[in-house]
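In what follows, a single structure is set out as structure tokens and then discussed.
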Amino acid sequence: MNKVMFGRFIPGHSWVHRMDPRAKLILSFLYIAVVFFANDFWTYLIMTVLLLASVVASAIRLGVYIRGLLPLFWLMIFTVLIQVFFGAGGHVYWQWGWLVVSQNGLNSAGLILMRFVLIILISTILTFTTQPLEIADGIESLLSPLRRLHFPVATLALMLSLALRFVPTLMDEAEKIMNAQRSRGVDFGEGGLRQRIRTIVPILIPLFVNAFNRAIEISTAMEARGYQDGENRTKYRQLKWQRVDTASLVIYIVSLSAVIGLRYFS
Amino acid sequence: MAIIRVENLNYQYPNSDTQAIDNVSFEIQAGDWVAIVGHNGSGKSTLAKLLIGLMAADSGKITIDGQELTPETVWQIREKVGMVFQNPDNQFVGATVADDVAFGMENRSVDRDTMVTKVDQALAQVGMLDYKNREPANLSGGQKQRVALAGIIAIAPKILILDEATSMLDPRGRQEILSVIQDLKQQLNLTVLSITHDIDEAANADRLVVIDDGRFVEEATPKELFSHGQQLVEMGLDVPLPEKLKDALQQRHVAIPQSYLDERGLADWLRTSRLNK
Amino acid sequence: MATDITFEQVNYWYQAGTPFAVQALKDINLAITPGSFTAVVGQTGSGKSTMIQHLNALLKPSSGTVKIGDRVITNETKNKHLKPLRKKVGMVFQFPENQLFEETVIKDIAFGPQNFGVSEADALVLAKRMAQEVGLDESLLNRSPFDLSGGQMRRVAIAGVLALEPEVLVLDEPTAGLDPRGRLEVMQLVTRLREEQGLTIILITHQMDDVANYADHVIVMGHGEVIKQGSPREIFSDPEWLEAHQLGLPAATQFAYKLQQDGFQFDSMPLTVEELADQLAPQLAKEGIDHE
């Protein structure tokens, strides 16, 4: 569990680290949207170069990103195989019963794999360089126009930030409970499905009971500290849009426009 | 002037057949440090929660700083009272140290510029300014409790309630937090009400209130109470070293003074006794 | 057969092989002899909890060897073969009440033995005995563990570990959060288990008074290393060293050092109130002698 790199924050002071989370969120969304417009060598080349430039700007080695992809390796293989065998049309290279490897199948498999990798990598740049809390702040800020529709944006953001705040605490607790039950002779990850489900109970029940008690204590403490209305609060944390953000935005918009331009006007 | 006045307070938990708080009355003078002691389950923490309206008493009257606690005044009363709870993790709601200190101010719609100044000020007062941007996962229990204190003094309350605030800390964390509280009490002229098992914390108090089975048992100075020797364990306190030593010396037929002595007092007495031998 | 535990050059890295790798244990060498009472002390974050997780092979050393009885555990040891060790070395973790999950107290205590092949009926008999051992009233046995008080829940959890009938009992701050009466009761239970059943005890604690009162061997940890080992008397004979490592002295010892400056003589530094009184009494005026 400790070896999963996907979705983790790696502290640093790079160009990307210094960016406003809102800028990073917007750019990631734009990038992912435009990935689906890329359809040939040149458009993919631009997307790849833009991605690699962003990786370099994050000052995190490419190897670390690649390792982040590994847990998704089987998912990628599976998606590619589905595409290879079920994308029909064009020259047939190989056939065995209903399994057909055709030119279209290979093409669409390559396309899917490329998109898959690019999307994962761009989101990994976001999570490697942005603390979860900053992401929550960014989302809150981007959603703030919804306040006019009486949507409880601030309450939602506080919920999200509290949830993020307690993720490490609960992970820690889950590990402690697992250790305690292993010490009482529970074998995790062994036996058949029924056996495995049975071994989850001694973890889930204490985890839920403790989380519930914890939630009550937290809400008591929040109330004691004067929390009553989620919306009419001031905010200590402020996001700052800086020159790096504008510069990045310009670079992305130019490159991504080029991709769309190439697709429709070449 | 009594800053906290409790009169004939009663409370029973919904699923219980005994009174958690049974007709308790007492007063606390402004500027005092009062410790409420009693063994686990004696009703001490229930009392603390009733005092700031986190639970509503079945009957009785609580007056804080001249204002009676009612559903209408509860938020005003919480402006005057800060409370540190037992579990350091479960009161740390901010994502970082600075965010947590700001939480109470955010609730009161304090403007951001003021918050920025006050967060730094409060953190400096508890000696945690260097940790301003740390996340709770990287702090010790004692450090988290100091952050909790910073969050409270940023609101400038008159009363500080410590609900077993040191019981989950290691001895070092406990010492640190106690000395911070002593400093804050001095600087800010706070009234402190601490609910505790810790003998050092109790020794800091001007007066001790003993609670057992939800009932008020007695009120005494630490000096008066600590001379009770072994009985202290039943009251949820440890026997202080001087008392244990006096007991042991008496068994060895050494003439010892009856009244309570702290460590320094006992050391002085022992020195005199040695010279008189 | 008696179970002794030996660590030889044990190193442990968390998240080994990632950019987040942290060395938690450095070159640990230690030996726990059968029937001994070992106290492990050290500041929070000194590696104590990582170390104790090696005692029943919850963690395997990144390098070096851990011997538990006749079993040798290295980095290569397969997880499959480790289970029998968990029965030999019982673990009471910090705030063990957090591991309770069964519908009733008795079922929770009987949970452990059944994982090691004891029949349900036998396990319940065992559970009843262990409940008695830790001083749980029989009327509580069919209640839900979640309805009990904190102190009672702690006893249920301890009984659940004792039901494994281990030879070595590891306790990580078993008195944390209890009131003085509860603390005393837990320590009395531990002493009794050692004296009556010959259990080897390993106690992780911050309470130097408990170290002085109960332990016969002390392991001091700091920054992932064993920085000192010896009898309590050896460990507490160097107050400057302890101060430098932010560790305290037993209350009686601390007081004795103060008295020493006042001219009192001590042959060896007293560790407990009884020892202190023994050495002080001859130096003081006896009852009936007027000394005012």
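The values are calculated or read from the model by the stated rules, or taken from the named source; none is laboratory data. All values derive from a computational prediction rather than experimental measurement. Don't worry about glycine lacking a Cβ; one is built from the backbone with ideal geometry, like all the others, and counts go over all protein chains shown.
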Filter pass, B:Ser179 being under 12 Å from the mean Cα position of the chain (by Cα) and among the small types (Gly, Ala, Ser)
no
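The rows are residues; the columns are (1) at negative phi; (2) in a helix (DSSP H, G or I); (3) more than 21 Å from the chain's Cα centre (by Cα).
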| position | (1), (2), (3) |
| --- | --- |
| C:Asp210 | yes, yes, no |
| C:Ile219 | yes, no, no |
| C:Gln229 | yes, no, no |
| C:Ser237 | yes, no, yes |
| C:Glu240 | yes, yes, yes |
| C:Glu243 | yes, yes, yes |
| C:Leu249 | yes, no, no |
| C:Tyr257 | yes, yes, yes |
| C:Gly263 | no, no, yes |
Residue selected from segment A:197-228 under the condition within 14 Å of chain C (Cβ to nearest Cβ) and of a type in the set (D, E, K, R), by the criterion farthest from B:Trp75 (Cα to Cα)
A:Arg198
Matching entry among A:Gly63, A:Gly68 (being buried (at least 20 other Cβ atoms within 10 Å of the Cβ), part of a helix (DSSP H, G or I) and within 14 Å of chain C (Cβ to nearest Cβ))
A:Gly68
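Quick check on segment B:209-231. Is at least one of its residues within 12 Å of the chain's Cα centre (by Cα) and under 26 Å from B:Ala30 (Cβ atoms)?
At the first step, the residues of segment B:209-231 found to be within 12 Å of the chain's Cα centre (by Cα) are B:209.
Checking which are under 26 Å from B:Ala30 (Cβ atoms) leaves us with B:209.
Within segment B:209-231, one or more residues are within 12 Å of the chain's Cα centre (by Cα) and under 26 Å from B:Ala30 (Cβ atoms).
If only one of B:Ser16, B:Ser59 is loosely packed, with under 14 Cβ neighbours inside 10 Å and within 14 Å of chain C (Cβ to nearest Cβ), which one is it?
On the way: B:Ser59 fails: within 14 Å of chain C (Cβ to nearest Cβ).
Result: B:Ser16 is the single residue among B:Ser16, B:Ser59 that is loosely packed, with under 14 Cβ neighbours inside 10 Å and within 14 Å of chain C (Cβ to nearest Cβ).
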Output the residue which, of all residues in segment A:181-196 that are within 11 Å of chain C (Cβ to nearest Cβ) and charged (D, E, K, R), is surrounded by the fewest Cβ atoms within 10 Å (Cβ to Cβ).
A:Glu190
In segment B:38-50, is there at least one residue being more than 14 Å from chain A (Cβ to nearest Cβ), in contact (Cβ under 8 Å) with a residue 40 or more places away in the chain and closer than 25 Å to A:Gly226 by Cβ?
yes
Checking C:Val168, C:Val134 in turn, the sole residue that is aliphatic (A, V, I, L, M) and in contact with a Ser or Thr (Cβ under 7 Å, 6 or more places away or on another chain) turns out to be C:Val168
With the checklist (1) part of a helix (DSSP H, G or I); (2) over 21 Å from A:Gln242 (Cα atoms) in hand, flag the one item A:Phe37 doesn't pass.
(1)
Being more than 24 Å from the chain's Cα centre (by Cα), touching a residue at least 12 places away in the same chain (Cβ under 8 Å) and surrounded by fewer than 17 Cβ atoms within 10 Å (Cβ to Cβ) is true for just one of A:Leu106, A:Leu99. Which residue is that?
A:Leu99
Residues being free of Cβ contacts under 8 Å to residues at least 40 places away in the same chain, hydrophobic (A, V, I, L, M, F, W, C) and in a loop (DSSP other than H, G, I, E, B) - total across segment C:134-152
2
Pull up segment C:44-72, narrow it to residues that are in a strand (DSSP E or B) and buried (at least 22 other Cβ atoms within 10 Å of the Cβ), then point me to the one that is farthest from the other protein chains (Cβ to nearest Cβ).
C:Val66
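Yes or no, residue by residue, for (1) surrounded by 22 or more Cβ atoms within 10 Å (Cβ to Cβ); (2) farther than 25 Å from B:Asn204 by Cα:
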| position | (1), (2) |
| --- | --- |
| B:Asp32 | no, no |
| B:Gly41 | no, no |
| B:Pro71 | no, yes |
| B:Phe85 | yes, no |
So C:Thr38, is it closer than 24 Å to C:Phe93 by Cβ and assigned to a loop (DSSP other than H, G, I, E, B)
no
Which of (1) crowded, with 18+ Cβ neighbours inside 10 Å; (2) of a type outside the set (D, E, K, R); (3) within 14 Å of another protein chain (Cβ to nearest Cβ); (4) not in a loop (DSSP other than H, G, I, E, B) does C:Pro84 not meet, given it meets every other one?
(1)
Need pairs with beta-carbon distance below 7 Å; first residue more than 11 Å from chain B (Cβ to nearest Cβ) and closer than 30 Å to B:Glu106 by Cβ and within segment A:230-253, second of a type in the set (Ser, Thr, Tyr) and crowded, with 17+ Cβ neighbours inside 10 Å; sequence gap 6+ or separate chains.
A:Leu239/A:Ser141
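Could you say which residue among B:Asp247, B:Asp262, B:Asp206 is surrounded by fewer than 20 Cβ atoms within 10 Å (Cβ to Cβ) and more than 27 Å from C:Ala281 (Cβ to Cβ)?
Working: B:Asp247 fails: more than 27 Å from C:Ala281 (Cβ to Cβ); B:Asp262 fails: more than 27 Å from C:Ala281 (Cβ to Cβ).
Result of the check over B:Asp247, B:Asp262, B:Asp206: B:Asp206.
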Just to be sure before I move on: is A:Ala258 touching an Asp or Glu at 6+ places or on another chain (Cβ under 6 Å), of a type in the set (A, V, I, L, M, F, W, C) and either part of a helix (DSSP H, G or I) or more than 14 Å from chain C (Cβ to nearest Cβ) (or both) in the structure I sent?
no
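Given the residues C:Val168, C:Val161, C:Val118, C:Val134, which is the only one that is under 25 Å from C:Ala2 (Cα atoms), in the same structural domain as C:Thr38 (by the TED database), β-branched (Val, Ile, Thr) and over 20 Å from the mean Cα position of the chain (by Cα)?
Working: C:Val168 fails: over 20 Å from the mean Cα position of the chain (by Cα); C:Val161 fails: over 20 Å from the mean Cα position of the chain (by Cα); C:Val134 fails: over 20 Å from the mean Cα position of the chain (by Cα).
Criteria check complete, one pass: C:Val118.
Report those helices (runs of 4 or more DSSP H) wholly inside segment B:139-244 carrying at least 2 residues which are within 14 Å of chain C (Cβ to nearest Cβ) and modelled with pLDDT of 95 or more. Can you show your working first?
Values: elements: B:141-153, B:171-188, B:199-204, B:222-226, B:231-234.
The qualifying helices (runs of 4 or more DSSP H) are B:141-153.
When you scan segment C:87-116, how many residues do you find that are in a loop (DSSP other than H, G, I, E, B) and more than 9 Å from chain A (Cβ to nearest Cβ)?
Pass one, segment C:87-116, residues in a loop (DSSP other than H, G, I, E, B): C:93-95, C:100-104, C:116.
Among the residues that remain, those that are also more than 9 Å from chain A (Cβ to nearest Cβ) are: C:103-104.
Residues meeting the conditions: 2.
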Could you please tell me which pairs satisfy a Cβ distance under 7 Å, a separation of 6+ or placement on different chains, a first residue in segment B:253-264 that is outside any loop (DSSP other than H, G, I, E, B), and a second residue that is acidic (Asp, Glu)?
B:Val254/C:Glu287
Only residues that are free of Cβ contacts under 8 Å to residues at least 24 places away in the same chain and either within 17 Å of C:Lys48 (Cβ to Cβ) or away from every other protein chain (no Cβ under 13 Å) (or both): list them for segment C:182-208, please.
C:Thr191, C:Arg192, C:Glu195, C:Glu196, C:Gln197
What is the number of the single condition among (1) in contact with an Asp or Glu (Cβ under 9 Å, 6 or more places away or on another chain); (2) aliphatic (A, V, I, L, M); (3) surrounded by fewer than 22 Cβ atoms within 10 Å (Cβ to Cβ) that C:Leu25 does not meet?
(3)
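Assess whether B:Met115 counts as being outside any helix (DSSP H, G or I), at pLDDT 95 or above, on the phi < 0 side of the Ramachandran plot and within 12 Å of chain A (Cβ to nearest Cβ). Before the answer, list the steps.
Working: outside any helix (DSSP H, G or I): no; at pLDDT 95 or above: yes; on the phi < 0 side of the Ramachandran plot: yes; within 12 Å of chain A (Cβ to nearest Cβ): yes.
The answer is no for B:Met115.
Quick one: in segment C:231-253, which of the residues that are of a type in the set (Gly, Ala, Ser) and loosely packed, with under 14 Cβ neighbours inside 10 Å is nearest to the other protein chains (Cβ to nearest Cβ)?
Taking segment C:231-253 first, the residues of a type in the set (Gly, Ala, Ser) are C:231, C:237, C:244, C:248, C:251-252.
Narrowing further to those that are loosely packed, with under 14 Cβ neighbours inside 10 Å: C:231, C:244.
On the way: C:Ser231: 22, C:Ala244: 13 Å.
Once the filter is applied, the top-ranked residue is C:Ala244.
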Given the options A:Glu140, A:Glu173, name the one that is assigned to a helix (DSSP H, G or I), charged (D, E, K, R), within 14 Å of chain C (Cβ to nearest Cβ) and crowded, with 16+ Cβ neighbours inside 10 Å.
A:Glu173
